[in-house]
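Participant: Pasting a structure here, questions to come.
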Amino acid sequence: MNSSTTLSRRSFLIGSAGLAGLSLAGCATTAQQPIEPTISDYYMQMYGPRPDEQFPVPAVDLRAMNPNYWRTVVPDPTGERPGTIVVNTAQRYLYLVGDDGTAMRYGVGIGREGFAWSGRAEIAAKKKWPTWTPPAEMIARQPEIEPYRNGMPPSLENPLGARAMYIYQDGRDTLYRLHGTSDPRSIGMAVSSGCVRLINQDVIDLYQRVPTGTPVVVV
């Protein structure tokens, strides 16, 4: 083998190693850059800021909320009459039954095991930016909320959020509410003391769709 052949082969091997290195580097670079899911303008607007509220509501960080729980219209799975609210605690969905065989579906957070409530009732009252007054039993379990025994003023930090709908059964307050929250991570979880929570943008939407007297079924 002459010297020129040796040099030519050596150059080829070096070049090949360089190309392999570039190829591997390219793969490594791609792996280190996670691809952000694309969120449509439709949902960006649906869960965008609400600056005209008494307490301006910021946009929801949809990356922190499972897309399965974003508000959407679905075929009605409940069999209930139109205008009924149905909360399926196992699925973590709230359905507002429409009159065309469909339902508006919202993702919800529900009560922790042992605090969940079920049954048939109705919405007896609705409030925008409600005051939160924890019941005595809750204060006994959580002494740190004692300062709010006589009520916590409305705000973005208030546990009832932007809206509350009060569930009564046979004319008596069940102490359970459909209410708002600013925490998207809690949607789809069992976190509250029995109440059904929706992200603020969703509870504002639901609030304007249902009157007092609306039947509620929690299963």
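The values are calculated or read from the model by the stated rules, or taken from the named source; none is laboratory data. As the structure is a computational prediction, the values presented were derived from the model and not from experiment. With ideal geometry, Cβ positions are generated from the backbone for all residues, glycine too; neighbour counts draw on all protein chains shown.
Participant: Can you confirm whether N150 is of a type in the set (S, T, N, Q), within 19 Å of Q201 (Cα to Cα) and assigned by TED's automatic domain parsing to the domain that holds Q201? Full working, then the answer.
Facilitator: Numbers: of a type in the set (S, T, N, Q): yes; within 19 Å of Q201 (Cα to Cα): no; assigned by TED's automatic domain parsing to the domain that holds Q201: yes.
No; evaluated as a whole, the condition is false for this residue.
Participant: Going by the structure shown, is G107 over 17 Å from Y207 (Cβ atoms), surrounded by 19 or more Cβ atoms within 10 Å (Cβ to Cβ) and within 22 Å of the chain's Cα centre (by Cα)? Step through it out loud before you land on a result.
Facilitator: Details: over 17 Å from Y207 (Cβ atoms): no; surrounded by 19 or more Cβ atoms within 10 Å (Cβ to Cβ): yes; within 22 Å of the chain's Cα centre (by Cα): yes.
No.
Participant: Right, next: For G101, which of the numbered conditions (1) small (G, A, S); (2) in contact (Cβ under 8 Å) with a residue 24 or more places away in the chain; (3) closer than 28 Å to P159 by Cβ; (4) touching a Pro at 6+ places or on another chain (Cβ under 8 Å) fails to hold?
Facilitator: Tallying (1) small (G, A, S); (2) in contact (Cβ under 8 Å) with a residue 24 or more places away in the chain; (3) closer than 28 Å to P159 by Cβ; (4) touching a Pro at 6+ places or on another chain (Cβ under 8 Å), G101 fails exactly one: (3).
Participant: When the residues of the stretch 110-133 are filtered to those that are hydrophobic (A, V, I, L, M, F, W, C) and in a strand (DSSP E or B), which remaining residue is surrounded by the most Cβ atoms within 10 Å (Cβ to Cβ)? Working first, answer last.
Facilitator: Of the stretch 110-133, the ones hydrophobic (A, V, I, L, M, F, W, C) are 110, 115-117, 121, 123-125, 129, 132.
From what is left, the residues that are in a strand (DSSP E or B) are 110, 121, 123-125, 132.
On the way: I110: 28, A121: 22, I123: 21, A124: 18, A125: 13, W132: 19.
It comes out as I110.
For every residue, the table says whether it meets (1) in contact with an Asp or Glu (Cβ under 9 Å, 6 or more places away or on another chain); (2) closer than 17 Å to D183 by Cα; (3) outside the structural domain of I204 (by TED's automatic domain parsing); (4) not charged (D, E, K, R).
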{"site": "V73", "(1), (2), (3), (4)": "no, no, no, yes"}
{"site": "V97", "(1), (2), (3), (4)": "yes, no, no, yes"}
{"site": "R112", "(1), (2), (3), (4)": "no, yes, no, no"}
{"site": "P154", "(1), (2), (3), (4)": "no, yes, no, yes"}
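Participant: So in the stretch 105-116, with the set limited to residues that are touching a Ser or Thr at 6+ places or on another chain (Cβ under 8 Å) and not β-branched (V, I, T), which one is nearest to R71 (Cα to Cα)?
Facilitator: So the first thing to find is which residues in the stretch 105-116 are touching a Ser or Thr at 6+ places or on another chain (Cβ under 8 Å), and the list is 105, 109-112, 115-116.
If we keep only those that are not β-branched (V, I, T) as well, we get 105, 109, 111-112, 115-116.
Details: R105: 6, G109: 14, G111: 20, R112: 23, F115: 25, A116: 23 Å.
Residue satisfying both the conditions and the ranking: R105.
Participant: Out of the residues in the stretch 134-177 that are in a loop (DSSP other than H, G, I, E, B) and modelled with pLDDT under 90, which is surrounded by the fewest Cβ atoms within 10 Å (Cβ to Cβ)? Give the derivation first.
Facilitator: So the first thing to find is which residues in the stretch 134-177 are in a loop (DSSP other than H, G, I, E, B), and the list is 134-135, 142, 149-151, 153-162, 170-171.
Pick out the ones that are also modelled with pLDDT under 90 and you get 134-135, 142.
On the way: P134: 19, P135: 13, Q142: 11.
Selected residue: Q142.
Participant: Given (1) in contact with a Leu (Cβ under 7 Å, 6 or more places away or on another chain); (2) of a type outside the set (K, R); (3) under 20 Å from R112 (Cβ atoms), where does M165 come up short, assuming only one miss?
Facilitator: (3)
Participant: Tell me, yes or no, whether the stretch 206-213 has at least one residue that is part of a loop (DSSP other than H, G, I, E, B), on the phi > 0 side of the Ramachandran plot, loosely packed, with under 15 Cβ neighbours inside 10 Å and modelled with pLDDT of 95 or more.
Facilitator: So in the stretch 206-213, the residues part of a loop (DSSP other than H, G, I, E, B) come out as 210-213.
Checking which are on the phi > 0 side of the Ramachandran plot leaves us with 213.
Filter again for loosely packed, with under 15 Cβ neighbours inside 10 Å, leaving 213.
Filter once more, so that each one left must be modelled with pLDDT of 95 or more: 213.
Yes - at least one qualifying residue is present in the stretch 206-213.
Participant: Now for a separate question. Say whether the condition of being among the acidic types (D, E) and surrounded by fewer than 13 Cβ atoms within 10 Å (Cβ to Cβ) is met by at least one residue in the stretch 66-89.
Facilitator: First, pick out the residues of the stretch 66-89 that are among the acidic types (D, E): 76, 80.
Filter once more, so that each one left must be surrounded by fewer than 13 Cβ atoms within 10 Å (Cβ to Cβ): none.
Looking for residues that are among the acidic types (D, E) and surrounded by fewer than 13 Cβ atoms within 10 Å (Cβ to Cβ), one finds none in the stretch 66-89, hence no.
Participant: Any residue at all in the stretch 186-205 that's basic (K, R), touching a residue at least 24 places away in the same chain (Cβ under 8 Å) and surrounded by 12 or more Cβ atoms within 10 Å (Cβ to Cβ)? Full working, then the answer.
Facilitator: Initial filter on the stretch 186-205 (basic (K, R)): 197.
Next cut, touching a residue at least 24 places away in the same chain (Cβ under 8 Å) only: 197.
Narrowing further to those that are surrounded by 12 or more Cβ atoms within 10 Å (Cβ to Cβ): 197.
Yes, the stretch 186-205 has at least one match.
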